[in-house]
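Where a number appears in this text, it was derived from the coordinates with a stated rule and is not lab data. Because the structure is a prediction, the values reported are computed rather than measured. Here the Cβ positions follow ideal geometry from the backbone for every residue, glycine too, while neighbour counts run over all protein chains shown.
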Amino acid sequence: MNFEGFIIHHTACTERDHQEEDWDFMILRDGSVKAAPSLRHPEYIHICLEGDFNLEYSLMDFYQKRQLFQASKIIIELSRRYEISPLYLFPHHDTCPGINFPWNALVIYPAGGYH
Ligand SMILES: [Zn+2]
């Protein structure tokens, strides 16, 4: 499959056109990760964070920061497996995961990635 990138959601999403079945990876507040049995979308891999992530990073608690760390690890792993740039991260919607979502916390440059 040729993926275009990753779409990030949070469970506080008010765009109810997507529901539980819509994510490929869910990162729970305790830091654990649930994976869908298979990737369900042809163009994007959907990653959902449990909670409300419409916050600046400095205002997040320990659990949320750990969730962001887990998300960035998954993104790096999947970007290698499927040859997707880990920089191709997109919000689901204006309000999801929110205008204050700390995108910088998810952007981890792969080792040796200075081009
Ligand atoms: Zn959403």
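Taking a quarter of the surface of the Cα convex hull of the range 5-105, what do you get in nm²? List each step's numbers first, then the result.
Working: hull surface 23.3 nm².
One quarter of the hull surface, i.e. the mean projection, equals 5.8 nm².
May I ask you to list the residues of the range 56-100 whose amide nitrogen lies under 11 Å from a point 7 Å from Cα along the Cα→beta-carbon direction of residue 15?
Zone members listed by number: 90-98.
Got the relative contact order for the range 5-105 handy, in percent, Cα pairs under 8 Å and 6 or more residues apart? Before the final figure, lay out the partial values.
On the way: 166 pairs, mean separation 42.0, N = 101.
Reported as a whole number, the value is 42 percent.
Report the gain in length on full extension from residue 41 to residue 88: 0.36 nm times residue separation, minus Cα-Cα distance, nm rounded to one decimal. Walk me through the numbers before you get to the answer.
On the way: separation 47, 0.36 × 47 = 16.92 nm, distance 1.56 nm.
Separation in residues times 0.36 nm, less the Cα-Cα distance, equals 15.4 nm.
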